[in-house]
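Data block below; observations after.
Read the figures in this text as sums done on the coordinates, not as results from a lab. Quantities reported herein were computed from a predicted structural model and do not represent experimental measurements.
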Amino acid sequence: MPKMKTNRSAAKRFKVTATGKILHKPSGKRHLLRKKSSKTKRALSKYKELFKGYYHHVAKVLGDKL
């Protein structure tokens, strides 16, 4: 059976830590930034841990990254 390929679009959107956590950038930092506070924009710039319910789906498309 051939190796499972990593979904390249998923690999660019998610980051896997050394301990196996999956991180993602939250949405909401593309437009309409004028009305958002500096604190909000700063918080949206940071990586967040993926919701546990999505781990199975994202791990499947990341393939060998985990």
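Once you've got the GNM for the chain with C-alpha springs shorter than 10 Å, pick whichever of Lys21, Lys39, Lys12 has the biggest mean-square fluctuation.
Ranking Lys21, Lys39, Lys12 by mean-square fluctuation puts Lys39 first.
For the chain, calculate the relative contact order in percent as a whole number, restricting contacts to Cα pairs under 8 Å that are 6 or more residues apart.
About 44 percent, as a whole number.
With mean projected area of the Cα convex hull in nm² in mind, check (i) 4.1; (ii) 5.6; (iii) 3.8 and report the label derived from this structure.
For mean projected area of the Cα convex hull in nm², the calculated option is (ii).
Which residue fluctuates most in the GNM of the chain (Cα springs below 10 Å): Lys36, Lys25, Lys48?
Result for the chain, Cα springs under 10 Å: Lys36 fluctuates most.
Which pairs break 26 Å Cα to Cα here: Lys25/Lys60; Lys12/Lys52; Lys39/Lys60?
With Cα atoms farther than 26 Å apart: Lys39/Lys60.
Taking the chain as a Gaussian network, where each spring joins two C-alpha atoms under 10 Å apart, which residue of Leu23, Leu44, Leu33 fluctuates the most?
Of Leu23, Leu44, Leu33, the Gaussian network model singles out Leu33 as fluctuating most.
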